[in-house]
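Only one structure is covered here, and it is reproduced in the block below.
The values are calculated or read from the model by the stated rules, or taken from the named source; none is laboratory data. These numbers come from a predicted model, not from an experiment. Every residue, glycine as well, gets a Cβ built from its backbone with ideal geometry; the counts of neighbours run over all protein chains shown. We work out accessible area using only protein heavy atoms, side chains counted, and drop any ligands, DNA or RNA first. Shrake-Rupley method; radii C 1.70, N 1.55, O 1.52, S 1.80 Å.
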There are 2 protein chains.
Amino acid sequence: MKKHIYIYSPSGAVRDKAAFKRGVARLELLGHEVEVDEAALSSFQRFAGDDETRLAAIHRAADSGADLALISRGGYGLTRLLPDLRYKKIAKAIDKGMLFVGISDFTAFQTAVLAKTGAITWAGPALCEGFGVGGEPDTLDGHTHGEAQVPDDIMEACFDEVLSGQGEGAGWRQHRVPAGDTMDSPNRVIHNAVLWGGNLTVLTSMLGTPYFPEIKNGVLFLEDVAEHPYRIERMLTQLLHAGILARQKAILLGQFTDYKLTPHDRGFKLPSVINWLRHKIKTPVLTNLPYGHVATKVLLPVGASTDLSIEGRDALLVWGHL
Amino acid sequence: MKKHIYIYSPSGAVRDKAAFKRGVARLELLGHEVEVDEAALSSFQRFAGDDETRLAAIHRAADSGADLALISRGGYGLTRLLPDLRYKKIAKAIDKGMLFVGISDFTAFQTAVLAKTGAITWAGPALCEGFGVGGEPDTLDGHTHGEAQVPDDIMEACFDEVLSGQGEGAGWRQHRVPAGDTMDSPNRVIHNAVLWGGNLTVLTSMLGTPYFPEIKNGVLFLEDVAEHPYRIERMLTQLLHAGILARQKAILLGQFTDYKLTPHDRGFKLPSVINWLRHKIKTPVLTNLPYGHVATKVLLPVGASTDLSIEGRDALLVWGHL
């Protein structure tokens, strides 16, 4: 089904323009009408244009009447804009059916929109890393795209389901718990919990501000890239000490990728952090949610009411039709 | 004057044992009695012993009756311990005259002690990086010590002043403001403002928790190491949006070192961040405070009432005898 997709750049400047073009071509190949924002390829310092330019781009996306507004890429730049976003306009567009989709720095937008309006947005791919694969690796912006030759099947299927209004949930299998570590996720079903979260660094960087939503009995999902486990632990500690984690019904850890352990770690690693966290809270901590800075990922509705069932290593998140 | 100095390790494991020994020898050479905590060289994963070990070390330091308790090094590990610190014991030791001195991860201790008790601690050197210089560079723990052959004069003089109860303040000259950027620190004198702060990453990682002090009309000092300017800006944005920065009488930026700009930055750099911040708040933002992960640094009383005078590029912070 042909849909109208609006591409815009609220965060970092697009350096890999070939990936951008491939992404647009891919969405067109899938049968969609792709509209590219006039400032999508703007550049000011590390940003996709100065603050006014990026704000205007977000508001044009909201005004576009598109079925789905997709960020070109993440990076950094949204947190600075949060006081000046026109939340009512954005919520109105969402209320009319617009799907806002993005990842990474986009967590700032999603979290703030949820805090200010309660409106639902989607954690999912960005254009370049999700649909722009297929070329030579590009390292100018610190990430590599294009190692795969075609976009990931599962991501594209989830994207299509959400775009056509048929996405209903996501299931996955958790990692095995290392011998000796704590496994504290007995079988259970959690009903009507608000799903929220995104990038751990970005989410944590909003704690204590008016853009952090007060969600109790929610299901919080987290992912990150290029953050050492001690930094992941320090951020989880902040959420823990702020009372956020214990207030949730479940914590879903997605993919934490692209970090380097050092000789100084001497056995301290990501499973150490997970085991530590499981000792600190009674809230179940699930692993291996297929979401993060990886090719194979699901789309997740931030702010939606969900059911979560846990049976052994298998987990199923269901939000029904939204 | 011979003083009793207690060395302990509340954070990361000491890998550079030669620097540790040199530091102890240096303090002894300066005429002091140095007592080394029994767990000062403990190691568990990346930590100086497990949580119980490090907690016990902190409490032994408080019980030691020493004139000054100095951390061996920073690293990571204090935030995990905050709920279990015995704040009354620590405040009592401080009330009896004990000086707690440290840097980096130690900011978590200092900030929490200030929030929970109002007691004054000192931002200053750690044993290894401050007094243990003089050997071959060691990179196992990600930092290099020992490039200089003797400890820094100014740091040692400040340390001696504080130890003998004669430290009264610190003066410095700010960086020139780049042409075209904002200079918003007109001459003024600020009286009776609480001095607080430390490592930006560690301080920010306590926002939203019970360990973050509510200080209005204070003078907030910040430093960091190995954090890219966009990350520094993201943290400052968090403090800004939380209302912390505008509530202060002045922001003192210390030394931000050891980060790498990338081609993607395209002119975005630390002065860009400072200029941006000066446009966001009316609070004066001063630069070049001689404090941070550098050899030449002053000691600063966290929690003390201070006067700050600004005259052109010159700044003077005075706390009198404490």
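When peptides A:232-244, B:52-64 are sorted by average Cβ neighbour count within 10 Å, with the highest value leading, the order is A:232-244, B:52-64.
For peptide A:260-266, the mean count of partner chain Cβ atoms within 10 Å of a residue's Cβ comes to 5.
Sorting the segments A:309-315, B:225-231 by their residues' average number of neighbouring beta-carbon atoms within 10 angstrom, most packed first, yields B:225-231, A:309-315. Please state, as a whole number in µm²/s, the translational diffusion coefficient that the Stokes-Einstein equation yields for the range B:194-247 at 20 °C and 1.002 mPa s, with Rh defined as the Kirkwood radius across alpha carbon pairs. Rounded to a whole number, D works out at 187 µm²/s. Quick check: at a probe of 1.4 Å, how many percent of the accessible area of the protein assembly as shown sits on carbon and sulfur atoms? Roughly 49 percent of what the probe reaches on the protein assembly as shown is carbon or sulfur. Counting only other chain Cβ atoms within 10 Å of each residue's Cβ, the peptide B:281-288 averages 0.
Using a 1.4 Å probe over protein heavy atoms, the accessible area lost on pairing B with A, summed over both chains, comes to approximately 3800 Å². How about the range B:56-104: which of its residues lose at least 30 Å² of accessible area in the presence of all protein chains relative to their chain isolated, using a 1.4 Å probe? Going by heavy-atom accessible area, the residues of the range B:56-104 that drop by at least 30 Å² are B:Tyr76, B:Thr79, B:Arg80. Under a 5 Å amide H cut-off, with hydrogens placed 1.01 Å from N, A:Thr121 pairs with A:Val302 among residues at least 5 apart or on other chains. Burial of accessible area (probe 1.4 Å, heavy atoms of protein chains only) in the range A:226-253, relative to its chain alone, reaches at least 50 Å² for A:Tyr230, A:Arg231, A:Arg234, A:Gln238, A:His241. Charged side chains reduced to their Cβ positions (Lys and Arg at +1, Asp and Glu at -1) give the range B:204-275 a dipole of some 200 debye around its Cα centre. Summary for A:Lys216: label point 7 Å along Cα→Cβ; distances to the equivalent points in the other copies, ascending, 2.8 nm.
What separates the Cα centres of the range A:6-52 and the range B:49-122 is a distance of 50 Å. Sorted from nearest, the other copies put their B:Arg266 label points 4.6 nm away, the label point being 7 Å from Cα in the direction of Cβ. The residues of the range A:11-28 listed by number as losing at least 40 Å² of accessible area in the complex, against the isolated chain and with a 1.4 Å probe, are A:Arg15.
Strictly over 23 Å apart at the Cα level, which of A:Lys17/A:Lys88; B:Lys2/B:Lys96; B:Lys116/B:Lys216; A:Lys89/A:Lys249; B:Lys3/B:Lys92; A:Lys2/A:Lys96 would you flag in this model? Among A:Lys17/A:Lys88; B:Lys2/B:Lys96; B:Lys116/B:Lys216; A:Lys89/A:Lys249; B:Lys3/B:Lys92; A:Lys2/A:Lys96, the Cα-Cα distance tops 23 Å for A:Lys17/A:Lys88; A:Lys89/A:Lys249. Remark: the protein assembly as shown carries 38 Å² of accessible area per residue (probe radius 1.4 Å; ligands, DNA and RNA excluded).
One equal scatterer on each Cα of the range A:168-318, no solvent, Debye formula: the resulting log10 I(q)/I(0) at q = 0.18, 0.20 Å⁻¹ is -1.12, -1.42. Nearest beta carbon of chain A to the A-to-B rotation axis, with distance in whole angstrom: A:Gly208, 2. Between identical copies, the spacing of B:Asp63 label points, each set 7 Å from Cα toward the C-beta atom, reads 6.9 nm from nearest to farthest.
Bridge orientation summary for the range A:1-127: considering DSSP beta bridges with both residues in this region, about 15 percent are antiparallel.
About its Cα centre, the dipole of the protein assembly as shown is roughly 1300 debye, where the only charges are +1 on Lys and Arg Cβ and -1 on Asp and Glu Cβ.
Using the Cβ of A:Leu163 as centre and a radius below 13 Å, the other residues enclosed give a net charge of -3, where K and R count +1 and D and E count -1. Among A:288-295, B:204-211, sorting by the average number of other beta carbon atoms lying within 10 angstrom of each residue, highest first, gives B:204-211, A:288-295.
With a Förster radius of 56 Å, plug the Cβ-Cβ distance of A:Asp63 and B:Lys96 into 1/(1 + (r/R0)^6) and report the FRET value to the nearest 0.05.
For A:Asp63 and B:Lys96, the calculated efficiency is 0.30.
What net charge do the residues around A:His228 carry, taking every other residue with its C-beta under 11 Å from that of A:His228, with Lys and Arg at +1 and Asp and Glu at -1? Net charge in that neighbourhood comes out at 0.
Entry note, chain B: the mean residue ellipticity at 222 nm calculated from DSSP H runs of n ≥ 4, each adding -39500 (n - 2.57), is -8500 deg cm²/dmol after division by the residues and rounding to the nearest 500.
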